[in-house]
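To keep things clear, I will list the structure first and then write my remarks on it.
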Amino acid sequence: MPPSRGVLAVTAPLLASALLLTACGSGGDGGVGNADGRAEGGITFQTWNLRGRFKDYFDGLIGEFEKQNPGVEVTWRDQPAENYADKLSADAAAGTLPDVVNVSPDLSYPLAKAGMLMNLDKERAAARFKGEYTPEAWQGNTLPGLDGSYAFPWYLNTGPLFYNKALFRRAGLDPEKPPRSYDELFAAAATMAEKSGGKIATLAGTPAIEDFGRYGVRLMNADATRFTYNEPKGVELLTKYKELYDRGGLDGQALTNTPEKSGQKFLEQKVAMNPGSAHDLETFKKSAPGLYRELGITDAPNNTGKPNMYVMGLAVGRRSKHKAAAIAFAHFVTDRRNQEAFAHEVAVFPSTAGSLGDPYWTRDDGTDEGRVRVAAAKMLKGAVNYTPVVLSEEMKVVLKNEVAKALQGKKSPRQALDDAAAQSDKLLRRS
């Protein structure tokens, strides 16, 4: 599995700076291969952090492709998670970017902006496959201001929200009807705090950029050159979180809680709702059987009708000498049969049209993994990636710090978000 998106997002903006000279004067494709020709020649395929667990899978996949396309030879490279973005930057600047490369949208953005990746929507040989993927997945690889999708959708992921039915019941809330909208969430959290005498919070963390997106806030302008989450709707959300914090609806240590600490608060039944995974279910079963029996699984509340998802793709280098082969291989790896096979190997979800209707993703098989898998698969219908592709880890920290100041009453919600947006815009201009 690749690392979390956050590990890479902090360095992704550095790519843009490193690639400026490469992009300047590059002109057309400079004699690269014909995308509409026959699939032939040697191509490189790069993933990150997958060889250790999935070597046999990818060796078999490559062997099958080469058998079907005898004129093509695929060389597989797998890079470690650490400094992956820096490795991409160095390869791109040196003109050695792999023909087919594993990217998330935040990594593909600076490469595409520098003219290093193929715009699949504008390349006939690639665009003809668009209908094989879900619209949400294809859109997830469409980059702001660049007019197109720059990676074949590969696998998707999303995270369910766990909730404690016993705590809901104790507060007089319907345990079978968890909050679906933010208004419902704030109302339930206020009730939970009141009925428990302030001992039980509903949430353990402060709002992140995904929360603003799910609330319906416009996060950036159309060409991703300016942050806009400080608009009135964003101020409205932070104001409601401030009210919730004051009433005890947020954990008292929400400003400093790490995901691990938040998970521990949920395990100790001091917090009623928290993100989780199938791995957590096993922990609950062993360490907190009472919680395990009362565990509900839902999606994080949203006002848009669209849950959050994370997107992974395979991009094709625009300067590949064997474009036809690169397109054919990227499509082969991400076609329905192979995506579904990979998703059976690891806890991810295929992005191909119709795949999530398979019983594997619709029927609970009685296992913890199956329970979470089915719940999460339902959430992917209509899901979007709310995190802007230009948002770095530093910008996330800026937002978190300003949100904390608002919750503590050191700044008004409006001033805090204005300051966060201004600081992040300044960082964006430097990238």
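When residue 190 is evaluated against the numbered criteria (1) more than 30 Å from residue 112 (Cα to Cα); (2) open to solvent by less than 10 Å² (accessible area, probe 1.4 Å), which criterion, by number, is the only one it fails?
Residue 190 satisfies every listed condition except (2).
Looking only at residues that are over 22 Å from residue 301 (Cβ atoms) and modelled with pLDDT of 95 or more in the stretch 222-238, which one is least open to solvent (accessible area, probe 1.4 Å)?
Taking the candidates together, the pick is 227.
For the stretch 414-431, check the following and say yes or no: at least one residue is out of contact with any strand residue (DSSP E or B) (no Cβ under 8 Å at 6 or more places or on another chain), surrounded by fewer than 16 Cβ atoms within 10 Å (Cβ to Cβ), of a type in the set (Ser, Thr, Tyr) and in contact (Cβ under 8 Å) with a residue 40 or more places away in the chain.
Checking the stretch 414-431: at least one residue is out of contact with any strand residue (DSSP E or B) (no Cβ under 8 Å at 6 or more places or on another chain), surrounded by fewer than 16 Cβ atoms within 10 Å (Cβ to Cβ), of a type in the set (Ser, Thr, Tyr) and in contact (Cβ under 8 Å) with a residue 40 or more places away in the chain.
Hand me the list of strands (runs of 3 or more DSSP E) wholly inside the stretch 61-161 holding 3 or more residues that are touching a residue at least 40 places away in the same chain (Cβ under 8 Å) and surrounded by 24 or more Cβ atoms within 10 Å (Cβ to Cβ).
100-103, 152-157
Looking only at helices (runs of 4 or more DSSP H) that fall completely inside the stretch 339-427, which ones have 2 or more residues that are closer than 30 Å to residue 230 by Cβ?
Of the helices (runs of 4 or more DSSP H) lying wholly inside the stretch 339-427, those with at least 2 residues that are closer than 30 Å to residue 230 by Cβ span 393-407.
When the stretch 259-269 is examined, which residues are found to be within 23 Å of the chain's Cα centre (by Cα) and open to solvent by 50 Å² or more (accessible area, probe 1.4 Å)?
Of the stretch 259-269, the ones within 23 Å of the chain's Cα centre (by Cα) are 259-263.
Answer for the stretch 259-269, where residues must be within 23 Å of the chain's Cα centre (by Cα) and open to solvent by 50 Å² or more (accessible area, probe 1.4 Å): 259, 260, 261.
Of all residues being open to solvent by 10 Å² or more (accessible area, probe 1.4 Å), hydroxyl-bearing (Ser, Thr, Tyr) and at pLDDT 90 or above in the stretch 272-299, which is nearest to residue 165 (Cα to Cα)? Just the residue, please.
The selected residue is 292.
Regarding the stretch 298-311, can at least one residue be identified that is within 16 Å of residue 102 (Cα to Cα) and not in a loop (DSSP other than H, G, I, E, B)?
Yes, the stretch 298-311 contains a residue that is within 16 Å of residue 102 (Cα to Cα) and not in a loop (DSSP other than H, G, I, E, B).
The values are calculated or read from the model by the stated rules, or taken from the named source; none is laboratory data. What you see is a predicted model; the values in this text were computed from it and never measured. Ideal geometry is used to build each Cβ from the backbone, glycine not excepted, and the neighbour counts take in all protein chains shown. The area values use the complete protein model at the heavy-atom level, side chains included, leaving out ligands, DNA and RNA. Shrake-Rupley method; radii C 1.70, N 1.55, O 1.52, S 1.80 Å.
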